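Undergrad: Once you've had a glance at the structure underneath, I'll fire off some questions.
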Amino acid sequence: MEEQIIEGRFDKIAEILAGKCSGKAVKIRGWVYRSRTSGGVCFLVLRDATGIVQCAVKKDSVDGQSFQDASEAYLESSILVEGSVRQDSRAPGGYEIAATKVRLIAKGEPFPIAKDQSTEFLLDMRHLWLRSQKLTAIMKARHKIVYYLREFLEKEGFWELAPPIITGAACEGGATLFELNYFGQKAYLTQSSQLYAEVFTTALEKVYVFAPSFRAEPSRTVRHLCEYWHLEPEMAFYNQKMNMELQERMIEYVAQKMAQNHADLLLFLGRSPEKLKAVRAPFRKITYHEAVEFAASKGANIKVGQDLGADEEAILTQEDEKPIFVTNFPSKIKAFYMREDPKNPGTVLNADMLAPEGHGEIIGGSERIWDYDELMRKIKENNLNPKDYEWYIDLRRYGSVPHSGFGLGIERLVKWMLNLDHIRDAIPFPRTINRGYP
Ligand code: 4AD
Ligand code: MG
């Protein structure tokens, strides 16, 4: 049996559905997606990584074991089917396989997931639920989105480097740090690889890291994870204006590629490709002050000096069909490494990119402080211990240059591009305040 299912030539369901095998004999292996036996025919819907196809197993046309295997298979049993392909408008996808041979690979046990199960149950069964058509489509789309991000950065001449995940100090403030015992010393799971990306710019100028970031987020929202994938480009000799232009072009590139090349995935997920086609640079820019005034005028409970939350971000982007930038946040509510705007004292040269349709912040970026004295002042103002940042401060001692960068949350981007209700479906195994299993 093992040889039969491993060696030799097999067909992929997508090729059958594309009409490439019409009238031909095929051999496919996969999992039972659905099955129904009536009279002397068993209809098996089979799934592989590329799609689903119906197989008709007629008692009279196959050997005894084939019919028995087909009719005894459970949902999600693994199975091998041989047969010939014919066009059939009644079958899902328009093609059907008239089986000549069926063999169970592993029957297993009855599948625990049936219809109408609760969200919590499906999350407990995530290791099995990841086979569902919906999650499979999302993971394919996520793969493509990450692929196009990398492709864009490659074309722009960026180098990808690997940052450490275990770190000695905070990047985004102490409140959301996961602490761990590192052979008797305090260490943390990284909140952001930015500070290390800044190191890499001094060797390779245009760099990015793509790694998990960790946030001990006590919040239960549809857009917070405790572990998420973070794409962080960092560029030497870039100011904030160039930084924002790069972000616009990158998001436009990915949106256009997804709309052009993956309309099938988008439509399957109920997302109109037109929404992504509308994403063209440049994006609208407003300052933090304008944003607060506007949100307050629409009834949001926010005052100057407070950070924007999900409600304000939704109000701000209500009329937009593509992302917007909010610039110049007050220095006091932003991270220590952001450079002050010489033209707007008290504010920093930063921007958050907010996605439309209520999805909110997907990118945070800024021009970095590159002057030694300014950095030391900000470290003190933020009550940070300079000892913890000695290596980072060194970058301002030895050949410092103006530089900028940003961080994009991949799951936030996927959530927006696919218009998902909840961020947890943008990652295979979500880690949230109340979930670390499976
Ligand atoms: O705005 P943040 O905290 O910025 C930074 O970490 C910078 N050091 C990035 C940089 O400049 N290199 O996070 C950046 C992005 C956010 O815009 C959001 O997309 C995502 O990371 N993010 C989260 N995604 C999911 N769950 C969370 N808890 C997230 N926190 C931030
Ligand atoms: Mg942010």
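The values are calculated or read from the model by the stated rules, or taken from the named source; none is laboratory data. It should be emphasised that the depicted structure is a prediction, and the values quoted were computed from it without experimental measurement. Virtual Cβ from ideal backbone geometry, glycine too; neighbours counted across all protein chains shown. All accessible areas refer to the heavy atoms of the entire protein, side chains included, with ligands and DNA or RNA removed. Shrake-Rupley method; radii C 1.70, N 1.55, O 1.52, S 1.80 Å.
Undergrad: Among the residues of segment 369-386, is there at least one that is within 24 Å of residue 247 (Cβ to Cβ), of a type outside the set (Gly, Ala, Ser), open to solvent by less than 30 Å² (accessible area, probe 1.4 Å) and within 16 Å of ligand 2 (Cβ to nearest atom)?
TA: No.
Undergrad: Among the residues of segment 130-151, which ones are open to solvent by less than 40 Å² (accessible area, probe 1.4 Å) and among the charged types (D, E, K, R)?
TA: Listed by number, the list holds a single entry, 142.
Undergrad: Then there is this: Just to be sure before I move on: is residue 191 open to solvent by less than 70 Å² (accessible area, probe 1.4 Å) and in contact (Cβ under 8 Å) with a residue 40 or more places away in the chain in the structure I sent?
TA: On the way: open to solvent by less than 70 Å² (accessible area, probe 1.4 Å): yes; in contact (Cβ under 8 Å) with a residue 40 or more places away in the chain: no.
For residue 191, the condition - open to solvent by less than 70 Å² (accessible area, probe 1.4 Å) and in contact (Cβ under 8 Å) with a residue 40 or more places away in the chain - is not met.
Undergrad: Next question, about the same structure. Answer yes or no as to whether residue 426 is among the small types (Gly, Ala, Ser), modelled with pLDDT of 95 or more, within 18 Å of residue 314 (Cβ to Cβ) and open to solvent by less than 30 Å² (accessible area, probe 1.4 Å).
TA: So residue 426 fails the test.
Undergrad: Next question, about the same structure. Scan segment 304-324 residue by residue and report those that are open to solvent by less than 10 Å² (accessible area, probe 1.4 Å) and closer than 26 Å to residue 174 by Cα.
TA: Across segment 304-324, the qualifying residue is only 313.
Undergrad: I'd like the residue in segment 218-229 that is closer than 22 Å to residue 163 by Cα and open to solvent by 30 Å² or more (accessible area, probe 1.4 Å) and, out of all such residues, is nearest to ligand 2 (Cβ to nearest atom).
TA: Taking segment 218-229 as the starting set, the residues that turn out to be closer than 22 Å to residue 163 by Cα are 225-229.
Of the ones still in play, those that are also open to solvent by 30 Å² or more (accessible area, probe 1.4 Å) are 227-229.
Working: 227: 17, 228: 12, 229: 15 Å.
Residue satisfying both the conditions and the ranking: 228.
Undergrad: Could I ask something else about it? Which members of segment 75-100 meet the condition of being among the hydroxyl-bearing types (Ser, Thr, Tyr), surrounded by 15 or more Cβ atoms within 10 Å (Cβ to Cβ) and under 37 Å from the mean Cα position of the chain (by Cα)? Lay out the reasoning, then the answer.
TA: Quick first cut of segment 75-100, residues among the hydroxyl-bearing types (Ser, Thr, Tyr) only: 77-78, 84, 89, 95, 100.
Filter once more, so that each one left must be surrounded by 15 or more Cβ atoms within 10 Å (Cβ to Cβ): 77-78, 84, 95, 100.
Selection gives 77, 78, 95.
Undergrad: Just to be sure, is residue 28 touching a Gly at 6+ places or on another chain (Cβ under 8 Å), in contact (Cβ under 8 Å) with a residue 24 or more places away in the chain and buried (at least 20 other Cβ atoms within 10 Å of the Cβ)? Full working, then the answer.
TA: Numbers: touching a Gly at 6+ places or on another chain (Cβ under 8 Å): no; in contact (Cβ under 8 Å) with a residue 24 or more places away in the chain: yes; buried (at least 20 other Cβ atoms within 10 Å of the Cβ): yes.
In short, no.
Undergrad: Also: Since residue 354 meets every condition but one in (1) open to solvent by less than 10 Å² (accessible area, probe 1.4 Å); (2) under 14 Å from residue 416 (Cα atoms); (3) touching a residue at least 60 places away in the same chain (Cβ under 8 Å), which condition does it not meet?
TA: Tallying (1) open to solvent by less than 10 Å² (accessible area, probe 1.4 Å); (2) under 14 Å from residue 416 (Cα atoms); (3) touching a residue at least 60 places away in the same chain (Cβ under 8 Å), residue 354 fails exactly one: (3).
Let's see how each residue does on (1) under 25 Å from residue 428 (Cβ atoms); (2) modelled with pLDDT under 95; (3) buried (at least 21 other Cβ atoms within 10 Å of the Cβ):
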| position | (1), (2), (3) |
| --- | --- |
| 161 | yes, no, no |
| 164 | yes, no, no |
| 180 | yes, no, no |
| 195 | no, no, yes |
| 213 | yes, no, yes |
| 216 | yes, no, no |
| 251 | yes, no, yes |
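Undergrad: Residues in segment 24-80 that are in a loop (DSSP other than H, G, I, E, B), of a type in the set (Asp, Glu) and out of contact with any strand residue (DSSP E or B) (no Cβ under 6 Å at 6 or more places or on another chain): how many? Talk me through it step by step, then tell me what you get.
TA: Of all residues in segment 24-80, those in a loop (DSSP other than H, G, I, E, B) come to 24, 39-40, 49-50, 62-63, 73-77.
Now drop any that are not of a type in the set (Asp, Glu), which leaves 63, 76.
If we keep only those that are out of contact with any strand residue (DSSP E or B) (no Cβ under 6 Å at 6 or more places or on another chain) too, we end up with 63.
Total meeting the criteria: 1.
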